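Readers should treat all values here as calculations from the given coordinates under stated rules, not as data from a laboratory. Everything numeric here is computed off the predicted structure, so don't read it as measured data. So basically every Cβ, Gly included, is an ideal-geometry build from the backbone, and we count neighbours across all protein chains shown.
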Amino acid sequence: MNTKAPSQIDVFVGSRVRMRRLMAGLSQEKLADGLGITFQQVQKYEKGTNRIGASRLQAIADVLGVHPSFFFQEGEEGATPRAGLGDVREPNEISSFVSSKEGIALNRAFLKITDPVLRKKIISLVAAVAQTPEAEAVAAHGSATHAPDLHG
């Protein structure tokens with residue numbers, strides 16, 4: 001029995017597969033059907049417990065509508081995990097949130113809001129509720145000292 005822990009790169013690539021699958025609105029079963037494998041295999045890929053071979057990664061990319069390099073890119077920083085360098089970073093909390101069901105739902109709903117002023121007000125509201133430094137910055141500039149009026 002092999003109790004070897006999954007590689008950080010395999011876990012990272014798997015988390016990116018999961019994030020993209022959720023962004024595409026696909027279940028593990030639908031992705032598995034598109035690949036001709038079981039949903040349990042998709043689960044193992046997403047957890048990083050099973051390594052994804054190059055041809056399978058290409059097939060996953062095709063089904064999910066992205067270039068295979070998508071699975072190696074990390075968020076806004078553009079950092080790419082590199083084997084053997086010992087500096088592979090875990091997905092940051094933004095990537096973790098964006099890949100969650102709540103993050104996907106929030107992102108989809110937010111993207112449907114076309115009014116840029118309303119978008120900024122929603123961000124201010126969420127920052128105020130969360131009591132983040134962003135909320136303090138907004139309050140300091142006089143833009144919002146209380147919950148913003150979302151209707152005007």
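The table below lists the values:
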| read-out | value |
| --- | --- |
| ³J(HN,Hα), Karplus 6.51/-1.76/1.60, whole Hz, each residue of segment 12-26, x for Gly, Pro | 4, 4, x, 5, 6, 4, 4, 4, 5, 4, 5, 4, 7, x, 9 |
| Segment S27-R51, length gained on full extension (0.36 nm per residue, minus Cα span) | 6.6 nm |
| Derived scalar couplings ³J(HN,Hα) [segment 33-42; Karplus, 6.51 cos²θ - 1.76 cosθ + 1.60; whole Hz; x for Gly, Pro] | 4, x, 9, x, 10, 8, 5, 5, 5, 4 |
| Ordering of 24-34, 44-54 by packing [mean C-beta count within 10 Å, highest first] | 44-54, 24-34 |
| At 1.002 mPa s and 20 °C, Stokes D of segment 1-65 from Kirkwood alpha-carbon radius, µm² per second | 182 µm²/s |
